[in-house]
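Comments concern the structure below.
The values are calculated or read from the model by the stated rules, or taken from the named source; none is laboratory data. All values derive from a computational prediction rather than experimental measurement. Here Cβ is always computed from backbone atoms with ideal geometry, including for glycine, and neighbour counts include all displayed protein chains.
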Amino acid sequence: MTLPSPGRVAFAALVGAAFTLILAPVVMVMVISIFRQEIVSFPPEGLTLDWYVNAWERQEFARGFITSLQVALLATLVGVPFGTAAAFALVRAKPRGGGALNTLLLGPLAVPGVVAGTALYMFYLRAEFWLDRDITSTLEGLVAAHVLLTIPWTVRLVTASLQGMDQAAEEAAANLGARPFTVFRRVTLPAMRPGIIAACLFSFIQSFENLELSLLLVGPGRTTLPVAMLNYLEFRVDPTLAAVATVQILLVAVLMLVTDRFVSIARTV
Amino acid sequence: MGSLVLDALGKRYGASTAVERVDLDVGQGEMVALLGPSGCGKTTTLRMVAGFVPPSAGRVLIGGKDVTRTPPHARDTGMVFQSYALFPHMTVAENVAFGLEMRRVSRAERETRVREALRLVRLDALEDRLPRQLSGGQQQRVALARALVVNPAVFLLDEPLSNLDAKLRGEVRMEIRALQQRLGLTTLIVTHDQEEALTMADRLVVMERGRVRQVGTAEDLYERPADPFVAGFVGRCNLIEGRLEAQGQFRASSGALLPCAASPAPPGSCILALRPENVSITAGTDGAGRLKMITYLGPQTEYHLDLAGTPLLAIRQTPSADDPLRRLSPGDAVTISWDASAARLLPAAQPETGV
């Protein structure tokens, strides 16, 4: 039997350390959510699911969950078609200044959420004045802001899937008698499909767990889950938040697993 | 009139000319190859026939009908792409059925014809596979079946063999040719590989820099090339610059006086074309010939020669073991000769116009 070389051992250790570093906080949150004591400390005094019950009974979390779900779904529904159309135009029409446009579309990734949120808040106030109607603390206002989060991801993912396709396949379809729209529907769209599905997933997650951008735009009775969690934190620190976070984590994990059954996320992203 | 006619077809991109002017008449069931180095305009010509490139001059006629302005989907052509261009998300059977679906062929008939087409290319066992699960050769046969199943008026092949390995290429070449002849398909094939063109096509069109250099059968091009480019591109050829001094008397620019075929051309500068297999050598000296290098290729041997300052290549059947030629080594003096009628005079290369 030969011993693995020191290089291999070091590499395995490095990979192990990286995974531990990434997963430890997630695992800790899940573990803490079932500790009995209110102030987090080791070892646990006992295990309980009471915090989950508490989270459920406190309406702000349930309502925040519903609001976040609504906002994330609507933002995805609006943002992904927009981003897809933009990506298609950028790749296929190659417009003059396409590079600058691409950078602009990826912009929301580069601007800190708090800054963008504040800017949007000020813009909304001004728009409210001109339009004489509420925008901040409305669902529409929140969705419009979150669409900004979905566009960079969509543009990137759909652009990648378009660039990976063999355009000769479109010509082949035309050669076989398909009209331009049929070519798009039967050949181009299926090639973009993995990118679009991955874009939906990432857009949803980005929106669902966003805190900074939403902070100033939520209003009484219309609070997203992350903001509700922050509000709770102002008054109490107990494992209720860990319980809520665990539900959030599980939802995202399930979404990713389900998506991965349709498109390989590792290959698309 | 042929079933595919290119009438003074040309394509310009701004100031540059991709295709100068192609006139071609492809008969029913005939296979014509567009042959030339990359960038010669052969692919652009094919794409103009398929409708992917709008011509800037001339017309394309399919079955006597002018289709110059007809969009690709309404032209009755079946094309096989260099990259095969299979639909990656469809099975083999769905790929092949696509063209029939577009033609609104009933489901039952579709199934029969797809099965028939797949049997034709010997892929009937793989109809439920996805393209990525197939080898390169199999993908290429799916592409063939997909183009053939719709019975196109014109069959177009764009470098169909360039992505296959050498051994497979020979097989598929024979297969395509056999299919084409059996089905009587009017075919245009684009290739840069002269062997491919010579073995598959009834007639060849040699193109260079957007211009047609010569159209003819393999024999025409090989034995009666119209110009030095064709002579050098189709098969190997000794091309010797010099002047015709008198009938049958060619003065190479190195100074040697070489025998050549009778020619109607007036004396003046021209090029002597001599196929290497027509050059014979014998051991022993007449003073002018010298052997520089020998390359043994099994059945044949190449002799790189020097004839009074003019480099010359001879290709001979490898001599038997007791032949005195077998004992030659580089540096030896040899006697070089050829039948004067084998040495053809070609016009000197035209001064290149900047295209």
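So here's what we get for this one:
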quantity: Lone unmet requirement of (1) among the polar types (S, T, N, Q); (2) crowded, with 16+ Cβ neighbours inside 10 Å; (3) within 18 Å of A:Arg193 (Cα to Cα) for A:Thr136; calculated: (3)
quantity: Search result, residues across the range B:76-121 that are within 8 Å of chain A (Cβ to nearest Cβ), among the basic types (Lys, Arg) and within 33 Å of the chain's Cα centre (by Cα); calculated: none
quantity: Top-ranked residue in the range B:1-28 [being polar (S, T, N, Q) and not in a strand (DSSP E or B); ranked as surrounded by the most Cβ atoms within 10 Å (Cβ to Cβ)]; calculated: B:Ser3
quantity: Single condition B:Gln180 does not satisfy, out of (1) part of a helix (DSSP H, G or I); (2) out of contact with any Ser or Thr (no Cβ under 6 Å at 6 or more places or on another chain); calculated: (2)
quantity: Residue within the range B:37-46 that is at pLDDT 95 or above, under 30 Å from B:Leu126 (Cβ atoms) and within 14 Å of chain A (Cβ to nearest Cβ) present; calculated: yes
quantity: Matching entry among A:Val115, A:Val53 (being modelled with pLDDT of 90 or more and loosely packed, with under 13 Cβ neighbours inside 10 Å); calculated: A:Val115
quantity: Cross-chain or 6+ apart pairs with Cβ under 7 Å, the range B:210-233 first and touching a residue at least 40 places away in the same chain (Cβ under 8 Å) and farther than 21 Å from B:Ser269 by Cβ, then hydroxyl-bearing (Ser, Thr, Tyr) and in a strand (DSSP E or B); calculated: B:Gly210/B:Thr17
quantity: When residues of the range B:29-42 are limited to those that are within 11 Å of B:Val190 (Cα to Cα) and surrounded by fewer than 21 Cβ atoms within 10 Å (Cβ to Cβ), the one farthest from the chain's Cα centre (by Cα); calculated: B:Ser38
quantity: Members of the range B:190-214 found to be over 11 Å from the mean Cα position of the chain (by Cα) and either of a type outside the set (Lys, Arg) or surrounded by 19 or more Cβ atoms within 10 Å (Cβ to Cβ) (or both), listed by number; calculated: B:Glu208, B:Gly210, B:Val212, B:Arg213, B:Gln214
quantity: Selection status of A:Leu157, more than 14 Å from chain B (Cβ to nearest Cβ), surrounded by fewer than 22 Cβ atoms within 10 Å (Cβ to Cβ) and not small (Gly, Ala, Ser); calculated: no
quantity: Residue within the range A:170-188 that is of a type in the set (Asp, Glu) and within 30 Å of B:Gln82 (Cα to Cα) present; calculated: yes
quantity: Complete set of residues in the range A:178-210 that are crowded, with 22+ Cβ neighbours inside 10 Å and either outside any helix (DSSP H, G or I) or of a type in the set (Gly, Ala, Ser) (or both); calculated: A:Ala178, A:Gly195, A:Ala198, A:Ala199, A:Ser203, A:Ser207, A:Asn210
quantity: Count of residues meeting criterion [crowded, with 24+ Cβ neighbours inside 10 Å and assigned to a loop (DSSP other than H, G, I, E, B)] in the range A:167-176; calculated: 1
quantity: Residue check for B:Val121: assigned by TED's automatic domain parsing to the domain that holds B:Met31, touching a Leu at 6+ places or on another chain (Cβ under 6 Å) and under 30 Å from B:Asp25 (Cα atoms); calculated: yes
quantity: Conditions (1) within 12 Å of another protein chain (Cβ to nearest Cβ); (2) surrounded by fewer than 21 Cβ atoms within 10 Å (Cβ to Cβ); (3) under 27 Å from B:Arg113 (Cβ atoms): number failed by B:Gly63; calculated: (1)
quantity: Residue count for the range B:129-148, restricted to those that are surrounded by 17 or more Cβ atoms within 10 Å (Cβ to Cβ) and either within 14 Å of chain A (Cβ to nearest Cβ) or among the β-branched types (Val, Ile, Thr) (or both); calculated: 10
